[in-house]
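The values are calculated or read from the model by the stated rules, or taken from the named source; none is laboratory data. Every value quoted in this text rests on a predicted model; they were computed, and no experiment measured them. Positions of Cβ are backbone-derived with ideal geometry, glycine not excepted, and every protein chain shown enters the neighbour counts. Side chains are part of the model used for accessible areas, which takes the heavy atoms of the whole protein and leaves out ligands, DNA and RNA. Shrake-Rupley method; radii C 1.70, N 1.55, O 1.52, S 1.80 Å.
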Amino acid sequence: MNLLILGPQASGKGTQAKRIAKELGIPHISTGDIFRDNIERGTDLGKKVLMIQGGELVPDELTNSIVKNRLKQEDCANGYILDGYPRNLVQAEYLNSISQIDAVIDLEVPTKVIMERITSRRACGDCKADYNIIYMKPKQEGICDKCEGELIQRKDDTPGPIKKRLDIYYSQTQPLISFYKEQGVSLKEIDGVGTPGEILDRIMNVLR
Ligand code: AMP
């Protein structure tokens, strides 16, 4: 099954995409994770995508070529879940030219909840596990439950970049819902308010 998950920043997309990938035995492909990992390792790609820290999008051509190469890998043969891609019409049309999407999951979360969640979001600096210091607390403050790594706040989860990222989401990414509807792709609209387990159950119920 080739899936993609849409939803504004801090809608729980990354958390759910990882869990869906595990349930279905398919890879979770997050363009944001790929860019952050390359920045951390100081690769050539990492040097080209530093603009993400200010909330700017990476140019389409570069993003598209990374996704194309990733989808060619063997682990994608039985499906994948894309998280954070496509982010605009140019990318969605490109994706259509290289693969076929079976279903789109749209995580719906009111803006008020997004704003509450986004500033309290944290991730493990080592294993990248997601946390939220209000809704998804680690057992020990500031420490990852899984690997004891330090929990950090993303550079782009701060007020200036957050505003830019949400503006981009509502103006460029959300319109993709109509794009896929018009194409007749199965659209799964999911209430994204609740515990991660409740939301995963809603998603798996509609996918099965
Ligand atoms: P995310 O982890 O999905 O929130 O992505 C973090 C940042 O990486 C975004 O704010 C963008 O700067 C960049 N990024 C991720 N995916 C894309 C994409 N498909 N196109 C362009 N930039 C992206």
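Residues that are more than 22 Å from Gly184 (Cα to Cα), modelled with pLDDT of 95 or more, within 10 Å of the ligand (Cβ to nearest atom) and not in a helix (DSSP H, G or I) occur at least once in region 31-50. No other residue among Ile52, Ile20 is within 18 Å of Cys76 (Cβ to Cβ), touching a residue at least 60 places away in the same chain (Cβ under 8 Å) and of a type in the set (Val, Ile, Thr) apart from Ile20.
Given the criterion hydrophobic (A, V, I, L, M, F, W, C) and under 13 Å from Ala10 (Cβ atoms), identify the matching residue among Leu107, Leu207, Leu187.
Leu107
Among the residues of region 142-163, is there at least one that is more than 16 Å from the ligand (Cβ to nearest atom), basic (Lys, Arg) and without any contact (Cβ under 8 Å) to a residue 12 or more places away in the chain? Looking through region 142-163, none of the residues is more than 16 Å from the ligand (Cβ to nearest atom), basic (Lys, Arg) and without any contact (Cβ under 8 Å) to a residue 12 or more places away in the chain. Within region 83-105, the set of residues being outside any helix (DSSP H, G or I), of a type outside the set (Asp, Glu) and near the ligand (Cβ under 9 Å from one of its atoms) comprises Gly84, Tyr85, Pro86, Arg87, Asn88.
Checking the structure you have, find out if any residue of region 66-82 is assigned to a strand (DSSP E or B) and open to solvent by 80 Å² or more (accessible area, probe 1.4 Å).
Among the residues of region 66-82, not one is assigned to a strand (DSSP E or B) and open to solvent by 80 Å² or more (accessible area, probe 1.4 Å), which makes the answer no.
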